[in-house]
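**Student:** Structure below; questions to follow.
The values are calculated or read from the model by the stated rules, or taken from the named source; none is laboratory data. The shown structure was predicted, so the numbers you read here are calculated from the model rather than taken from an experiment. Positions of Cβ are backbone-derived with ideal geometry, glycine not excepted, and every protein chain shown enters the neighbour counts.
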């Protein structure tokens, strides 16, 4: 359950960061979505590694594995948000919600089975 709480809080923070980057800093949506997502990927790793999975401190090995697993979700998220905004002129906030849901679904099939799994003997 703690991973779910972390995900919801992270999504709210990411949307706030995305809105700042798009509406105040006036970055292009493609750049803003990539920067906001990457920022939250790194923050979620540090928090989840300790709070959810109980590791005393993060390691580069787990960070690399997590980042690798997140790449697919980041790509799914980025394509959905930017594709909807560009191709069908969907407001980016709606695209964010749909992209986040799609990335979450992707993550269920990658992160938890790959990143924190016990190595095979």
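**Student:** Could you list, in sequence order, the residues of the range 58-88 that are within 19 Å of residue 107 (Cβ to Cβ) and outside any helix (DSSP H, G or I)?
**Tutor:** 58 - this is the single residue of the range 58-88 that is within 19 Å of residue 107 (Cβ to Cβ) and outside any helix (DSSP H, G or I).
**Student:** Right, another one. If you take the residues of the range 83-111 that are closer than 17 Å to residue 52 by Cβ and surrounded by 14 or more Cβ atoms within 10 Å (Cβ to Cβ), which of them is modelled with the highest pLDDT?
**Tutor:** If we take residues in the range 83-111 being closer than 17 Å to residue 52 by Cβ and surrounded by 14 or more Cβ atoms within 10 Å (Cβ to Cβ), then 104 is modelled with the highest pLDDT.
**Student:** In the range 10-31, what count of residues is obtained for those that are more than 13 Å from the chain's Cα centre (by Cα) and on the phi < 0 side of the Ramachandran plot?
**Tutor:** Of the residues in that region, 13 qualify.
**Student:** Here's something else I'd like to know. When the residues of the range 1-56 are filtered to those that are touching a helix residue (DSSP H, G or I) at 6+ places or on another chain (Cβ under 7 Å) and assigned to a loop (DSSP other than H, G, I, E, B), which remaining residue is nearest to residue 96 (Cα to Cα)?
**Tutor:** 27
**Student:** Return yes when residue 53 is surrounded by fewer than 17 Cβ atoms within 10 Å (Cβ to Cβ), in contact (Cβ under 8 Å) with a residue 40 or more places away in the chain and closer than 17 Å to residue 108 by Cβ and no when it is not.
**Tutor:** yes
**Student:** Continuing with the same structure: Is one or more of the residues making up the range 89-101 part of a helix (DSSP H, G or I), under 12 Å from residue 30 (Cα atoms) and without any contact (Cβ under 8 Å) to a residue 12 or more places away in the chain?
**Tutor:** The answer is no, given that none of the residues of the range 89-101 is part of a helix (DSSP H, G or I), under 12 Å from residue 30 (Cα atoms) and without any contact (Cβ under 8 Å) to a residue 12 or more places away in the chain.
**Student:** Which residues, taken from the range 24-41, are under 22 Å from residue 79 (Cβ atoms) and free of Cβ contacts under 8 Å to residues at least 12 places away in the same chain?
**Tutor:** 27, 28, 31, listed by residue number.
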